[in-house]
Amino acid sequence: MIRTLLVRGMLAGLAAAALAWVFAYFVGEPALDGGIAYEDMLAAGAAAEEPMVTRGVQSTVGLLVALVVYGVAVGGIFAIVFAAAYGRLGRLSARATAGVLALVGYVAVIGVPFLKYPSNPPASSADDTIGLRSGTFVLMVVFSVLAAAGAALLARRLVARLGTWNGVLLAVLAYVVVVVVVGALLPTVAETPADFPAAVLYDFRMSTLGLHAVLWGVLGLLFGALVERGTRRAGAEVAAGS
């Protein structure tokens, strides 16, 4: 069963990555070009170095490969989490369970860390702080995911004692408190130049959120549909055999 779910998760992740690439190419790349244009303006008059990979390859094949690897990996992990969660979220169907997990995953992995460390286009951050920025962002993701897992376990206990609405609400509140405290303790990185185009920064960040929304949304919907279809088919085969 786990193997079947993994295959379906990776296939759903592959399809989600393809649609996310379409979004990124038409929505995200223009914002990225704005950051590159600002970078070129700062480097005007300096000797330009030839990039190892051309911009055309980066925005097409390179972007697609990166999203495919990410999408397939996330799809596999999503399938494992689904296997652990299915049947433990009340009476939710396979499709509803996948939808809830996709929403929670988007919030915990993308949304909450983004509030503390939003994505930045080229030339909006200092090169010598990339290690700090990457490390603190990963820490924020890890703490957010762990807090979400803890909140899910807490919700199961509270729902049994206080009812669904009160139990879920208190668990969500506990998650919010944890991530707010962690976010306050982690260092803040604010180094965007004052004259960096605000529109470029806004468009880039919104396109980043949009790209991940497409990927996680398609992953949840498609994976849920595949699992539900497989469950119905298995049930029909059992009924026919009996």
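The values are calculated or read from the model by the stated rules, or taken from the named source; none is laboratory data. Being a predicted model, the structure only gives us computed values, none of them experimental. Cβ placement follows ideal geometry from the backbone for every residue including glycine, while neighbour counts extend to all protein chains displayed. Accessible surface areas use protein heavy atoms only, side chains included; no ligands, DNA or RNA. Shrake-Rupley method; radii C 1.70, N 1.55, O 1.52, S 1.80 Å.
Answer yes if at least one residue in region 170-189 is of a type in the set (S, T, N, Q) and open to solvent by less than 80 Å² (accessible area, probe 1.4 Å), and no otherwise. No: region 170-189 contains no residue that is of a type in the set (S, T, N, Q) and open to solvent by less than 80 Å² (accessible area, probe 1.4 Å). Candidates in region 192-216 are the residues that are within 12 Å of the chain's Cα centre (by Cα) and open to solvent by 30 Å² or more (accessible area, probe 1.4 Å); of these, the one that is farthest from residue 103 (Cα to Cα) is 208.
Within region 125-155, being touching a helix residue (DSSP H, G or I) at 6+ places or on another chain (Cβ under 8 Å) and within 15 Å of residue 90 (Cα to Cα) holds for 152, 154, 155.
When restricted to residues that are in contact with a Pro (Cβ under 8 Å, 6 or more places away or on another chain) and either of a type in the set (S, T, N, Q) or part of a helix (DSSP H, G or I) (or both), region 97-147 contains 7. Of all the criteria given as (1) open to solvent by 80 Å² or more (accessible area, probe 1.4 Å); (2) assigned to a helix (DSSP H, G or I), the one not satisfied by residue 158 is (1).
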